[in-house]
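Engineer: There's a structure below that I have some questions on.
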Amino acid sequence: MVKLVQQFVSCCRAAGLRISTSETLDSLRQLQLIDPTDETQFRTLLSANFAKSRRDQLHFHRLYHLFFHEMCMNLDDVDQAEAWSDMFKKTALILKEEHDHGPVYDAVVDFLAGSPMGLVAEIRRIREESDDQPAQLRFNLGPLASRLNVLMQITAAAEAVLALIRDNYFKVSPATLEEMAAHFNNRLDIARGILLQDPASINTNKKVKASDRHRKDFGEKPFSSFTREEIEEMRDAVDRLVRKLKNIVSRRWAARKRGNLDIKRTLRASAKYNGVPVDIHFHRKALRKSRVVTLCDLSGSVWAAGRFMLNLLYSLQECFDKVSSFVFVDQLTDVTQTFEEHEISEAIRLVMADENIHYHAPTDYGETLRNFKKNHMELLTRKTTLIIVGDARSNYMNPEDTILGQMRDRCRRVIWLNPEPENLWGTGDSEMMTYATHCHEVRACRNVNQLISFIEELV
């Protein structure tokens, strides 16, 4: 029983199911507490130890059925079962010796002999190869060619096995030959079924798939076309991104806090211990988190992009030394305190209800820059990243681009996120090309995917 469980664990690992040594040992110890001959108890015990999520459970049950049912022979006689097992192993050795078709062929032959690990691992590799392709390139011929190769090797193994049976290589009775042929044909059908099976049916369920497609559609949807319900629906995805980025920043910050290895001090200290570096010394360095200042245009459709930007930066405040948030239409309004003192939904509600923000006024980027220069220029230092979210349409008023140049000279980086299509930049009253000369980076930010990509690079 112990050997059987170990073989099953190897099969699961080959298929991509993560099972630790401790989980394997736990399951072996727990076998003493149940009746292993009761399959319900046995399957439940293994599932509880090896399947840690719903996706894992679907994967586990498919592998369990493959290993304990499809790959097993219905033989009541133990001695007969061992004899059959030896015959299949001998067959595998003969096929490998007579036909050197490579590792995939050997994996197929091992599968026919009762060892599914190699074939399962190869099919897993093909699925990962397919998953690594961008969504728009999923028709790529690489994974298809790999599947076709496996199918050809299955066909080659089938022909070789049938040749051995036809020639009665083992000199057995016609009845035994018939049983051998039935057995190998059955496993060949199983191998083809595993290969041709939709990979998504193992790794997820239809509900998750639909949800992912839905979220992907949202990701490509322009901010301006979002409904209130859709904005709320995207919060879960944004929250997961934020948690992921916070973890990345925490690990990075811990490494920075420790500093780099000080080789000279470490070697000097090792002299006390006959050259053994017992005391490891590091270069201590000043910790400097970057600062972020955001200017968000709230006029028209630009408001949606600004809202998402403020939402993300609000959630990531602990990743930066300081986040200063400003919104504007015709005049600049400091909303930093509002975002510091209130939960994000309440903060956005208060901003939208602020009487000092004239949402229906014509946008005036020049006045915004003049106001910032007069009252907030001290926020810009060599540690500051300035992010401007807006379409740069200033209604033919003075753009005051020289002020943006002065702001650039004071800060670390200036990034402009424009929610308009690039082919509209510089048309009509757009001053985007004028402002672009004073920016380190100008990029389109028309949907959630583009915004998330920017935030990941920023953090």
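Engineer: Report yes if Asn356 is in the same structural domain as Asp297 (by TED's automatic domain parsing), in contact with a Ser or Thr (Cβ under 7 Å, 6 or more places away or on another chain) and of a type in the set (S, T, N, Q), otherwise no.
Structural biologist: Yes: the conditions hold for Asn356.
Engineer: What's the total number of residues in segment 340-363 that are farther than 22 Å from Ser394 by Cα and among the aromatic types (Phe, Trp, Tyr)?
Structural biologist: Total meeting the criteria: 0.
Engineer: State whether one or more residues within segment 387-397 are of a type in the set (Gly, Ala, Ser) and in contact (Cβ under 8 Å) with a residue 40 or more places away in the chain.
Structural biologist: Scanning segment 387-397, I find at least one residue that is of a type in the set (Gly, Ala, Ser) and in contact (Cβ under 8 Å) with a residue 40 or more places away in the chain, so the answer is yes.
Engineer: Give segment 18-51 a look and list any residue that's touching a helix residue (DSSP H, G or I) at 6+ places or on another chain (Cβ under 7 Å), in a helix (DSSP H, G or I) and β-branched (Val, Ile, Thr), or say none.
Structural biologist: Passing the criteria: only Thr24.
Engineer: Among the listed residues Ala135, Ala181, Ala145, which satisfies the condition of being at pLDDT 75 or above and assigned by TED's automatic domain parsing to the domain that holds Val104?
Structural biologist: Selected residue: Ala181, the only one of Ala135, Ala181, Ala145 that is at pLDDT 75 or above and assigned by TED's automatic domain parsing to the domain that holds Val104.
Engineer: Considering Asp364, Asp409, which residue is more than 19 Å from Leu310 (Cα to Cα), out of contact with any Lys or Arg (no Cβ under 8 Å at 6 or more places or on another chain) and buried (at least 21 other Cβ atoms within 10 Å of the Cβ)?
Structural biologist: Exactly one of Asp364, Asp409 is more than 19 Å from Leu310 (Cα to Cα), out of contact with any Lys or Arg (no Cβ under 8 Å at 6 or more places or on another chain) and buried (at least 21 other Cβ atoms within 10 Å of the Cβ), namely Asp364.
Engineer: Also, quick follow-up: Could you grab me the full set of residues in segment 318-339 that are of a type in the set (Phe, Trp, Tyr) and under 19 Å from Pro399 (Cβ atoms)?
Structural biologist: The answer is Phe326, Phe328.
Engineer: Could you look through segment 381-422, keep only residues that are aliphatic (A, V, I, L, M) and over 14 Å from Arg370 (Cα atoms), and pick out the one that is farthest from the chain's Cα centre (by Cα)?
Structural biologist: Ala392
Engineer: Further question on the same structure: Return the total of residues in segment 360-386 being in contact (Cβ under 8 Å) with a residue 60 or more places away in the chain and either acidic (Asp, Glu) or part of a helix (DSSP H, G or I) (or both).
Structural biologist: 4
Engineer: Of the numbered conditions (1) at pLDDT below 75; (2) in contact with a Gly (Cβ under 9 Å, 6 or more places away or on another chain), Arg187 fails exactly one; give the number of that condition.
Structural biologist: Among (1) at pLDDT below 75; (2) in contact with a Gly (Cβ under 9 Å, 6 or more places away or on another chain), Arg187 violates only (1).
The values are calculated or read from the model by the stated rules, or taken from the named source; none is laboratory data. Every value quoted in this text rests on a predicted model; they were computed, and no experiment measured them. No Cβ is skipped: glycine too gets one built from the backbone with ideal geometry, and neighbour counts run over all protein chains shown.
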